[in-house]
Amino acid sequence: MAVEEIEPALSARVGRPEPPPDPKPQRSPEAIERDAFAIGFAQGERAGLEAGAQRTDAMLRRLAATIDELTSLRRTLLTQSEREMVELAVAIARRIVQREVTIDRELVVTIARVALERLAGTTTATIRLNPQDAAAVRAANGHEWSGVRVSVVPDESISRGGCKVESEVGFIDATLDAQLDQIATALLGDSDPASSIT
């Protein structure tokens with residue numbers, strides 16, 4: 001280019017003011033898309049974390065409630081099974097003792113003797129027994145038991161193997177049912193646990 005050509009072009013430029021520079025440089029569409037994606041991703045991630053935290057909190061509360069219910073259910077089951085085990089043990093003991101009483105007639109004599117000993121200081125007593133046991137007790141001891149005058153009375157309401165002893169000092173229910181009920185009461189700690197034990 002010749003100088004003559006440059007001069008008019010320069011003078012035209014000098015007379016005109018230059019436009020101010022663009023405050024925002026032009027960005028490429030790829031850069032705009034990348035920035036928009038990053039902003040949207042960050043917002044979505046934050047919203048997702050908040051929603052996840054809320055769901056997690058709700059799930060943890062439900063889990064805690066379920067654990068509490070299971071703990072309560074476990075205690076209930078243990079209590080019920082403990083009671084059922086004691087009832088089963090007492091029922092088994094009742095059958096075994098009733099069988100033993102029919103085989104060993106001396107057992108009822110021993111039970112009556114122990115009941116009399118508990119009424120220490122008595123001079124006369126009445127022993128009520130099942131009619132099948134009364135004959136065996138009379139034959140074994142007669143009317144005199146360690147210095148105590150005893151009257152043996154057959155009583156259909158008393159099951160085999162047990163007795164009830166009455167004297168001027170007191171009364172002892174030494175029936176097998178009463179003794180097994182006392183054992184069940186001691187094991188269960190209830191006031192009347194044996195009402196369902198048969």
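We did not get these values from a lab; they are worked out from the coordinates using the rules stated. Model, not experiment: these values are computed from the prediction. All Cβ positions, even for glycine, are placed from backbone atoms using ideal geometry, and neighbour counts span all protein chains on display.
Using the scaling law 2.2 N^0.38 Å as the reference, what is the normalised Cα Rg of region 145-186?
On the way: Rg = 12.0 Å, N = 42, 2.2 N^0.38 = 9.1 Å.
Relative to the 2.2 N^0.38 Å estimate, region 145-186 comes out at 1.32.
For region 33-131, how big is the tail of P(r) above 22 Å, as a whole percent of Cα pairs? Mind dumping the intermediate values first?
Numbers: 3382 of 4851 pairs.
The calculated P(r) of region 33-131 puts 70 percent of pairs beyond 22 Å.
What list of ³J(HN,Hα) values in whole Hz, one per residue of region 96-103 in order, does the Karplus curve 6.51 cos²θ - 1.76 cosθ + 1.60 (θ = phi - 60°) give from phi, with Gly and Pro shown as x?
Residue by residue, region 96-103 yields 5, 5, 4, 5, 4, 5, 6, 8 Hz.
Once you have a ≥ b ≥ c as the square roots of the Cα gyration tensor eigenvalues for region 86-196, tell me rounded if a/c is under 1.5, and otherwise prolate or oblate according to whether a/b is larger than b/c.
It comes out oblate by the Cα gyration axes.
Starting with the fewest neighbours, write out 176, 187, 49 ranked by other beta-carbon atoms found within 10 Å of each beta-carbon.
Exposure proxy ranking, most exposed first: 49, 187, 176.
Would you list 101, 114 from fewest to most Cβ contacts within 10 Å? Please list the in-between numbers first.
Details: 101 21, 114 13.
Ordered from fewest to most neighbouring Cβ atoms within 10 Å, 101, 114 come out as 114, 101.
Using the Cα centre as the reference, give the magnitude of the dipole from point charges on the C-beta atoms of region 34-176 (Lys, Arg: +1; Asp, Glu: -1; all else neutral), rounded to the nearest 20 debye.
Values: 19 positive and 20 negative charges, 40 e Å.
Dipole magnitude for region 34-176 comes out near 200 debye.
Which three extents, in angstrom, do the Cα atoms of region 43-88 have along their principal axes, listed largest first?
66, 9, 5
Under a plain spin-label model, where a point goes 7 Å from the Cα along Cα-to-Cβ, how far apart in nm are residue 156 and residue 95?
2.7
With the crude spin-label approximation of a point 7 Å out along Cα→Cβ, what separation in nm comes out for residue 71 versus residue 183?
In this crude label model, residue 71 to residue 183 measures out at 3.6 nm.
Most exposed first by the Cβ proxy, i.e. fewest other Cβ within 10 Å, how do 69, 117 rank? Could the numbers behind the result be given before it?
On the way: 69 10, 117 14.
Least crowded to most crowded, the residues run 69, 117.
If amide H atoms are built 1.01 Å from N in the plane of the peptide, which residues on other chains or at least 5 residues away come under 5 Å of the amide H of residue 152?
Sorted by chain and number, the residues that satisfy this are 127.
Just to confirm a number: summing +1 for Lys and Arg and -1 for Asp and Glu over residues other than residue 134 whose beta-carbon lies under 14 angstrom from that of residue 134, what do you get? Write out the running numbers ahead of the final one.
Details: positive: 105, 128, 138, 160, 164; negative: 133, 155, 156.
Around residue 134, the surrounding residues sum to +2.
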